[in-house]
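None of the figures in this text is laboratory data; all of them are computed from the coordinates on show. This structure is a prediction, so every number in the text was calculated from the model and none was measured. Ideal geometry is used to build each Cβ from the backbone, glycine not excepted, and the neighbour counts take in all protein chains shown.
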Amino acid sequence: MTAEFGHFALILAFAVSLFQMVVPMVGASKGWGPWMDSARPAAVAQFLLVGLSFAALTMAFVSSDFSLKLVYENSHTAKPMLYKISGVWGNHEGSMLLWVLILALFGAAAAAFGDNLPPALRARVLAVQAAIGAAFYAFIIFTSNPFLRLASPPFDGRDLNPLLQDPGLAFHPPFLYLGYVGLSMAFSFAVAALIEGRVDAAWARWVRPWTLAAWMFLTIGIALGSWWAYYELGWGGFWFWDPVENASFMPWLLAAALLHSAVVVEKREALKSWTILLAIMAFGFSMIGTFIVRSGVITSVHSFASDPARGVFILGILVVFTGGALTLYAARAQQMTAKGVFAPVSREGALVLNNVLLAVSAFVVFIGTMWPLIAELLWDRKLSVGAPFFNQAFTPFMIVLAMVLPLGSILPWKRAVLGRAMRPLWPALALTGAVMALVWAVSTGRSAIAVIGAGLGAWIIFGALAELIHRTGQSGLSRLLRLPRADWGKAAAHAGLGVTFIGVALLTAWQVEDIRVAQVGQPFTVADYQITLQSVDEVEGPNYLSTMATMQVARNGRTVATLHPEKRVYPVQAMPTTEAAIDNGIFRDIYLVIGDAQADGGWAVRIYIKPFANWIWAGSLLMALGGIVSLSDRRYRVAAGARRAPAKTVPAE
């Protein structure tokens, strides 16, 4: 009965979304206050209904109700409780229900915290948000119903994909969806502004907190996915340029561009058309990611590889919303005239360059991701676009971005003198040179990647610190502590990018890899470490069988760590997985993988020494922390307030 209740609540949410889509939009066009106000309770009701539906599905997974087809195909009684819960979204149907739950959550949040929005704009925003929800409710109900029953319930289930039975994958999708779906708010604000025919500083200030929240969640989600791939898949990498990885990275790049361009609209009322276009494209690329994952057009460890009919439905949603928004954009573009005039060397000019670099880099990733599909569709040719293409085509844009970021952040608005603007950055440049010299001195292979990457990362970090100090003027520490939280948040986010630059560069340049057959009890040396395979045992887990090695790592005669890499087999799905054992450190990771038994009695092992690996994810978390600090700024919480009232005309006497 719980499943039927969840299904009924989902249908009611669909009906409420249709009401919310039509009535407030009509009310806004006619100026009917009660009709516009109906959007707020409708948005809250929609969220409560889809929340009840999601809770019903969660209860079915927790209680192992195998009369539900979805539970039977993605759960098992022996599975730990964490993975029973994460199994709710570890499949196509359940993840789509999470998708619309988060969509409704953002709509309800806009209704609850949108007191400062003009009633007509708020009604249109919530109506557009409901239209997106209605499309995806229809997709779930008619093609991907999670509440289908089995005529003859089995005794047990087929279990969840073993690769997804991991804490990282339990939390990765919710954060990723909060970012993906959160960009729908920027899209809804953009479409509402186009319908209203007005984009101004107040609009930019309203849209920035929603975009920042989505970007922050997307940052955490991407970092969690990268971290999971690093330790779970056993290949030792942190980014594979997989199509689904790229599908989350492209909207992240465009959301970062949108955040920066909205600043120009807010401060100078320039770049209005471009900012609206970015808001449309950022969410458009989020829906492209949804299409890639669920259409079956690509094969990936991340994909659900659903049937093509579902892919066509999602493609239709993508075409209707993105195509419709772009058509409206083309019709209204001439009305969004820019007021601010600025010189090329200015804060605005630097932000334009920032936007160009981020947008073009996103386009490069898009071309590399979609080109194999295009080539197969048009010319029936099988092509593969791998890491070499992305590294060579994408990296130059990031290098230029890192070079100009500190200077662009410190330039004054409207116009600037380059030499004067550089004065606060000379100490940062000197420290950057010192870091590059240090990296060069310790680089045994004289790697240019290490020197350049560490230098760019240090330049970004020291540049962020220099900007904070510059903002204090002559006031010193007391003024530094009183700086707005948004300034601290921006500095933290920029510094986080610098930390990630350093981690990627030094890991790429200095990593040591060793693959060999190890004999039990016979030590061998990798880099400066002595490694001994002490034993290999068969171990039984809660729902898997494991071949577990015990490996001792020593340095200069002192034991550094005792690690236990595993090869697991999940009997229900008869699927093997590799569980790497990692000794994490601030400056290096020791990464061990056990392979298959060999004919001579040895075992295949892989050993990686990974310098500064954790700096990659530490930088990502620092970027997300910067977003949180910025959102805590009162100016974000209050948003723009009411629009400026027109000046009253005093009649002549």
Original post:
Do any trypsin sites (Lys or Arg not before Pro) in the stretch 343-438 lie in a DSSP loop with no more than 12 other beta carbon atoms within 10 Å, and if so, which?
Top reply: Arg381, Lys382
**OP:** Per DSSP H run of at least 4 residues, take -39500 (n - 2.57); add these up for the chain, divide by its residues and hand me the 222 nm value, nearest 500 deg cm²/dmol.
**Re:** -21000 deg cm²/dmol
Original post:
Taking amide hydrogens as modeled 1.01 Å from N in the peptide plane, which residues meet the under 5 Å criterion relative to Gly340, leaving out close sequence neighbours?
Top reply: Ala270
**OP:** Mind putting together the pair-distance distribution for the chain? All Cα pairs, 10 Å bins, whole percent per bin, short to long.
**Re:** 3, 14, 23, 24, 20, 11, 4, 1, 0, 0, 0
Original post:
Ordered by residue, what ³J(HN,Hα) values in Hz, to whole numbers, does the stretch 121-130 give under the Karplus form 6.51 cos²θ - 1.76 cosθ + 1.60, where θ = phi - 60° and Gly and Pro are x?
Top reply: 5, 4, 4, 5, 4, 5, 5, 5, 4, 5
Subject >> Greater than 19 Å apart at Cα, pairs in Lys272/Lys414; Lys30/Lys272; Lys69/Lys567; Lys567/Lys610 >> reply: Lys30/Lys272; Lys69/Lys567; Lys567/Lys610
Subject >> Debye, to nearest 20: dipole size of the stretch 23-112, +1 on Lys, Arg Cβ, -1 on Asp, Glu Cβ >> reply: 80 debye
**OP:** Sort the stretch 103-258 into rounded, prolate or oblate with this rule: let a ≥ b ≥ c be the square roots of the eigenvalues of the Cα gyration tensor; rounded if a/c is under 1.5, and if a/c is not under 1.5, prolate when a/b is larger than b/c, oblate otherwise.
**Re:** oblate
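If you put +1 on each Lys and Arg Cβ and -1 on each Asp and Glu Cβ, how big is the dipole of the stretch 417-510 around its Cα centre, in Debye rounded to 20? Mind showing how you got there, number by number?
Details: 8 positive and 2 negative charges, 61 e Å.
Value, rounded to 20: 300 debye.
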Original post:
What does the convex hull of the Cα atoms of the stretch 512-613 come to per residue, in Å³, rounded to a whole number?
Top reply: 106 Å³
Subject >> Amide H contacts of Ala561 (H built 1.01 Å from N, under 5 Å, at least 5 apart or other chain) >> reply: Val553
Original post:
Extent of the stretch 265-423 along each principal axis, from alpha carbon coordinates, in Å, largest to smallest?
Top reply: 58, 39, 27
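Based on the alpha-carbon gyration tensor of the stretch 69-157, what equivalent-ellipsoid semi-axes (square roots of 5 times the eigenvalues) come out, in whole Å, largest first? Numbers along the way, then the final one.
On the way: eigenvalues 251, 46, 10 Å².
Sorted largest first and rounded, they come to 35, 15, 7 Å.
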Subject >> the stretch 417-510: C-alpha gyration tensor shape, a/c 1.5 cut-off, then a/b vs b/c >> reply: prolate
**OP:** Lys and Arg at +1, Asp and Glu at -1: add these up for the other residues within a Cβ distance under 11 Å of Thr577 and post the number.
**Re:** -2
Original post:
With labels modelled as points extended 7 Å from the Cα through the Cβ direction, what inter-label distance (nm, one decimal) is found for Ala333 paired with Arg420?
Top reply: 3.6 nm
Subject >> Spin-label pair Val341/Arg634, simplified geometry with 7 Å Cα→Cβ offset, distance in nm >> reply: 3.7 nm
Original post:
So what are the ³J(HN,Hα) numbers for the stretch 526-534, from phi and the Karplus equation (6.51, -1.76, 1.60; θ = phi - 60°), rounded to whole Hz, Gly and Pro as x?
Top reply: 10, 6, 9, 10, 9, 10, 10, 7, 7
Subject >> Lys/Arg +1, Asp/Glu -1 at C-beta; the stretch 340-455 dipole; positive extreme among Phe363, Val341, Leu383 >> reply: Val341
Original post:
What list of ³J(HN,Hα) couplings, whole Hz, do you get for the stretch 132-138 from phi and the Karplus terms 6.51, -1.76, 1.60, once you set θ to phi - 60° and write x for glycine and proline?
Top reply: 4, x, 4, 4, 7, 4, 4
Original post:
Which order do Val125, Val62 fall in if you start with the one that has the fewest other Cβ atoms within 10 Å?
Top reply: Val62, Val125
Original post:
How far is the Cα center of the stretch 226-281 from the Cα center of the stretch 436-498, in Å?
Top reply: 22 Å
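In the stretch 79-163, what trypsin sites (Lys or Arg not before Pro) fall in a loop by DSSP, with at most 16 other Cβ atoms inside 10 Å? List each step's numbers first, then the result.
Working: sites: Lys84, Arg122, Arg124, Arg149, Arg158; in loops: Arg158.
Those that pass, being in a loop and sparsely packed, are Arg158.
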**OP:** Given the peptides 426-438, 356-368, arrange them by the average over their residues of other C-beta atoms within 10 Å, most packed first.
**Re:** 356-368, 426-438
